[in-house]
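Following: one structure in structure tokens, then a few remarks.
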Amino acid sequence: MKYPNFPKDCKSMLCKYLTKDVFEELKNRKTPNGFTLEMAINSGVKNPDSSIGVYAGDKESYEVFDLLFDPIIKEYHGFGKDEKHTSDFDAKKLDMDNPDPKGEFILSTRIRVGRNLDGFPLGTIISKEQRDEVEKIVSNALKSFKDELQGEYYPLKGMTSTIQEKLIKEHFLFKEGDRFLEAAGLNRDWPEGRGIFHNIDKTFLVWINEEDELRIISMQQGGDIKEVFTRLSLAVSELEKDMKFLKSDHLGYITSCPTNLGTAMRASVHIKLSKLSQNKELFKNITDKFHLQIRGIHGEHSESEGGIFDISNRRRLGVTEVECAKDLYNGVKELIRVEKSL
Ligand code: ADP
Ligand code: ARG
């Protein structure tokens with residue numbers, strides 16, 4: 001394997017931190033599951049417009065390829081290699097009101113966490129049999145969910161394209177054919193082993209075997225972050241009764257992309273900021289100050305429509321779940337205050 005040929009204008013963290021020395025040091029290493037440097041960097045090599053460009057194959061990847069992952073984790077989360085991650089998913093600690101009680105700005109709120117099963121490699125190198133087993137374990141566990149969390153599992157295989165497209169358009173289902181995931185090995189055997197569970201109201205959903213083995217999601221109309229968080233916290237603890245998630249003291253929950261480590265939580269609102277979004281510099285200054293990320297209306301790598309943005313916490317590691325939700329709350333309060341003043 002040769003040192004990759006990055007284009008001159010490449011701005012990915014892979015390109016920044018995979019120096020020739022780091023490459024030489026790591027190029028012959030392998031994790032116990034057989035994950036190599038070549039596999040870790042393929043997505044960023046094939047997609048030079050990546051912002052990050054690396055994926056892990058298992059928990060050990062973060063140790064075996066530490067010379068590459070550590071500086072990326074430090075830059076993305078501000079989290080050092082000697083720090084410990086702590087979790088706090090206690091909804092009672094979220095002391096907050098609805099930041100938009102009259103429903104003037106926030107259309108909907110969604111909080112998701114990523115999880116992977118202990119005892120399995122990550123989706124980048126999981127075998128078809130293992131992936132099918134993950135699907136079985138998770139969908140079986142969900143069958144016993146009661147009350148508000150009760151629902152049904154819909155495998156992607158056999159789903160009509162009309163239903164699939166409708167679920168994607170309404171923001172409930174993952175997209176198909178993402179080129180970053182493709183190059184990371186995460187789309188192998190598509191659509192086998194993939195699917196979506198949801199309750200009747202589609203306020204509690206679980207994606208199975210997309211970028212992570214589980215994406216556990218709570219969402220609803222309006223801006224009640226606390227209610228969405230409370231439902232998610234309950235659902236995660238119910239799932240934990242039936243399965244063990246992959247985690248470490250240092251990195252928290254282990255995910256295939258280093259941006260999702262720790263809490264693996266992305267708490268977001270769809271918010272209409274017609275005036276503020278015209279002033280790009282001010283908009284970005286506020287989101288940066290409150291550690292928020294701006295995405296388009298159809299999620300990552302999509303554009304905004306009609307002045308509506310997807311605003312979410314950026315940090316996920318070295319902060320607790322409660323702090324992730326507070327990052328969103330504090331930032332959204334400020335965005336609404338400024339939007340009103342313009
Ligand atoms: P993820 O958040 O799972 O990492 P994406 O950014 O691709 O991945 O978002 C997944 C889907 O969730 C997209 O359809 C996106 O529009 C939708 N979504 C995200 N936040 C919200 C929200 N606050 N309200 C409604 N839909 C949302
Ligand atoms: N690999 C892509 C990139 O580097 C996505 C990174 C973060 N997003 C994610 N879904 N993991 O741009």
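Where a number appears in this text, it was derived from the coordinates with a stated rule and is not lab data. This is a predicted model, so every value here is computed, not measured. Don't worry about glycine lacking a Cβ; one is built from the backbone with ideal geometry, like all the others, and counts go over all protein chains shown.
Data for the structure
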read-out: Net +/- balance of residues flanking Pro191 in space, Cβ distance below 9 Å, scoring K and R +1, D and E -1; value: -1
read-out: Cβ-based charge dipole, the stretch 1-71, positive-most Cα from Met13, Asn47, Ser61; value: Asn47
read-out: Stretchable slack from Asp82 to Lys275, in nm (0.36 nm times residue separation minus alpha-carbon distance); value: 65.2 nm
read-out: The chain shape via C-alpha gyration tensor axes, a/c threshold 1.5; value: oblate
read-out: Of Lys202/Lys226; Lys226/Lys284; Lys272/Lys326, pairs whose Cα-Cα distance is over 23 Å; value: Lys226/Lys284
read-out: Ranked packing of 269-279, 95-105, most packed first, by mean Cβ within 10 Å; value: 269-279, 95-105
read-out: Highest average packing first - 126-136, 69-79, 321-331, Cβ atoms within 10 Å; value: 321-331, 69-79, 126-136
read-out: Cα centre as origin, Lys/Arg/Asp/Glu Cβ charges: the chain dipole, Debye; value: 580
read-out: Cα lying deepest toward the dipole's positive end in the chain, options Leu186, Thr203, Gln221, charges on Cβ; value: Gln221
read-out: Top positive-direction residue, dipole computed over the stretch 263-302 with Cβ charges, set Ser277, Phe290, Ser302; value: Ser277
read-out: Glu238-Lys340 pseudo-label distance in nm [points 7 Å out on the Cα-to-Cβ vector]; value: 3.6
read-out: Free-standing Cys, the chain [no other Cys Cβ under 4.7 Å]; value: Cys257, Cys324
read-out: Within the chain, helix-based [θ] at 222 nm, where runs of 4 or more DSSP H residues each add -39,500 (n - 2.57), nearest 500; value: -10000 deg cm²/dmol
